[in-house]
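Visitor: Structure below; questions to follow.
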Amino acid sequence: EICQHSMNALSSVKSEDLLAKALQVRGIIHRGQGNMEQAIGDLENSLKQYERINDQVGIAYVTGELGIVYYYQNQFAKALANYRRALNLCEARHDMRGAMIGHFNIGDILLQDEQYDLATKELQIAWEIARKRKLIFVEIQAGLFLIEAKIALSRLDKLEDELSELNALILDQESPRFSGQALVLRASLHWKRNEFEHAEKCFNS
């Protein structure tokens, strides 16, 4: 409702950059409410506005938001294209936080598509940036996905140590979801090593 009031007011101001932002915000609200078609409509219109005024920052962020909508709809090819465009724009501007999110999102899709080698490269970059900038939440997420990809590739060296390091961060966050993911990965690691009794205990935990 607040967003709509703003858009009504903008109709008399004729500010293209603010209208683009308002469309972007409304698209994000629609996405949060599960109205994916309306979200795509607003975000695509926002993108057109940003492209018309050549706002590279706006283009980068709205394409990232579009990628998330297509991801939720399981349209992974479209999601990947938007994520890559957002990543390229962020890297061109030396926006490392935006680049980190781009690498993580691309790695996530590649991991689900079982392209483990490519996923590992993207997730490694995202993890390194997050660690350097002390963005703990993303460091944990990227680290867990990275370990999952390495297990799938049977690159098991040092994974025990990497999991232990992540567990220390997870304990500080008090996140049952992350703790559960870490236990599944530890179980998978034991399973790969034919340590079935240890794997079962971790799965049960």
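The values are calculated or read from the model by the stated rules, or taken from the named source; none is laboratory data. Being a predicted model, the structure only gives us computed values, none of them experimental. Here the Cβ is made from the backbone with ideal geometry for all residues, glycine too, and neighbour counts use every protein chain on show. In case anyone asks, the SASA skips ligands and DNA or RNA and just uses the protein heavy atoms, side chains included. Shrake-Rupley method; radii C 1.70, N 1.55, O 1.52, S 1.80 Å.
Visitor: Whole number please: convex hull volume per residue of the Cα set in the range 1-85, in Å³?
Guide: Hull volume over Cα atoms, normalised by residue count, gives 74 Å³.
Visitor: While we're looking at this one, here's another question. Lysine pairs in the chain with alpha-carbon atoms under 19 Å apart, 8 or more places apart or on different chains: how many are there?
Guide: 10
Visitor: Shifting gears a bit: Ignoring solvent entirely, what values of log10 I(q)/I(0) come out of the Debye formula for the range 98-205 at 0.10, 0.13, 0.22 Å⁻¹ when each Cα is a single scatterer?
Guide: So the normalised log intensities work out to -0.26, -0.45, -1.21.
Visitor: Of all the C-alpha pairs in the chain, what % are more than 22 Å from each other?
Guide: 56
Visitor: Can you give the accessible area per residue of the chain, in Å², using a 1.4 Å probe?
Guide: For the chain, the per-residue accessible area is 56 Å².
Visitor: List the trypsin sites (Lys or Arg not before Pro) within the range 85-171 that fall in a DSSP loop (any state other than H, G, I, E or B) and whose Cβ has at most 16 other Cβ atoms within 10 Å.
Guide: Here the trypsin sites (Lys or Arg not before Pro) that fit, given the DSSP loop and packing criteria, are Arg93, Arg133, Lys134, Arg155, Lys158.
Visitor: Using a 1.4 angstrom probe with every protein chain in place, what is the largest-first accessible-area order of Asp17, Asp55?
Guide: The residues order as Asp17, Asp55, largest area first.
Visitor: Summarise the accessible area of the chain (1.4 Å probe, protein heavy atoms) by the percent that is carbon and sulfur. Show your work: numbers first, answer last.
Guide: On the way: 5970 of 11470 Å².
Taking all protein chains in place, the chain shows 52 percent carbon and sulfur surface.
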